[in-house]
Amino acid sequence: MSRKYTYFIVRRIFLCRLLLISIIGILVFCGLNQYGNKAPVYATGDTKFGMQIDTHYANKIPHLTQLQQLKPAWIRGDYNSITFAPSWPTSVKSIVLVNNETTNSQNPGQNEPFSTWKTYVDTVYVPKIKHILQESPSIVAIEVWNEEDICHPGFCPYVPPQEYAYLLDQAATTIKAINHRIKVIMGGMAAGQIQYLQNVKQANLTGFSKIDAVGLHPYGASPDGWCASGCGGNNLTTGDLATKVTNYRTTAGKPVWVTEIGTGSSDRAWQAKYLTRSFTVLQRLQVPVVIWYAWVDTMGPNFGLMDSQENMKLSGEAFRRFTH
């Protein structure tokens, strides 16, 4: 066999091996890419999911087994001494809601002068926050008020922007002085009127700068146009979910935490699809924390991840895909 022919054979073998390695590499890459295109649907990434509980009734607070089934990263609820059970795993973080119900007092109301609100904040609200942090130093986040931008007959937690700006400043200053690691969240806004956020920010920019995020309750918003104009009686007509979150985030110049989102529907399959689609959008936007309202139907008809007998619903199964 000539040296030239030997060289030719060796070269052919080398090229064949190189081609084979290249093909394998392409197949592996395509496989990983195919997996990557599917996995993010339920991959939690930077978004952590939790649920709302009703802390005013012991039978509306989940026990350890139910937590282990759902595996929420966060629990949100009004504060009282039984809010967060000592048997819960330390991996479950707490968002404590502090409003007039927490202080066991009537908020001054939207038509009261600034001086009345100032007295309430200084003598009732701030002392209550101090008491809470002394009693429960392991709290991770405090949400300052709840739906302060709305007022409906029978439900009016509204706080005028200037007065709320003062409340937010005093609360954030107090919390950070006690423990600077605690996240301070502006109470979840629900009206969809971004002007309220702008007015609060303008009223006290220094105070606003002390908070870590703004809360948002985008009820009725459509995830990527789904059911925006008719969907078997379950219509989502308050705008586009991604647009709403993005607008609030841009205006605030801070992260948005969706501290309530949910829907009550007797169509359990539809509710599960709404949860999946909404969570996927919020995950895509890298919203740090998303709270589903609520964990059980006794908190709101058909809103729960579990029914009134505390059995897992389809929405609960969908929730688990994001938390497991």
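The values are calculated or read from the model by the stated rules, or taken from the named source; none is laboratory data. Quantities reported herein were computed from a predicted structural model and do not represent experimental measurements. Here the Cβ positions follow ideal geometry from the backbone for every residue, glycine too, while neighbour counts run over all protein chains shown. Quick note on the areas: whole protein, heavy atoms, side chains included, nothing else; ligands and nucleic acids left out. Shrake-Rupley method; radii C 1.70, N 1.55, O 1.52, S 1.80 Å.
What to note about this one:
- Residues that are touching a His at 6+ places or on another chain (Cβ under 7 Å) and open to solvent by less than 10 Å² (accessible area, probe 1.4 Å) within the range 164-194 comprise GLY188, MET189, listed in sequence order.
- Across the range 45-79, the qualifying residues are those that are under 17 Å from ARG320 (Cβ atoms), open to solvent by 40 Å² or more (accessible area, probe 1.4 Å) and within 16 Å of the chain's Cα centre (by Cα), and the one among them that is modelled with the lowest pLDDT is GLY45.
- Residues that are closer than 21 Å to ILE150 by Cα, open to solvent by 10 Å² or more (accessible area, probe 1.4 Å) and either modelled with pLDDT under 95 or of a type outside the set (Lys, Arg) (or both), drawn from the range 195-205: GLN195, TYR196, GLN198, ASN199, GLN202, ALA203, ASN204
- Residues located in the range 94-151, provided they are at positive phi and free of Cβ contacts under 8 Å to residues at least 12 places away in the same chain: ASN104
- Of the residues making up the range 132-163, those that are assigned to a helix (DSSP H, G or I) and either among the small types (Gly, Ala, Ser) or surrounded by 13 or more Cβ atoms within 10 Å (Cβ to Cβ) (or both) number 5.
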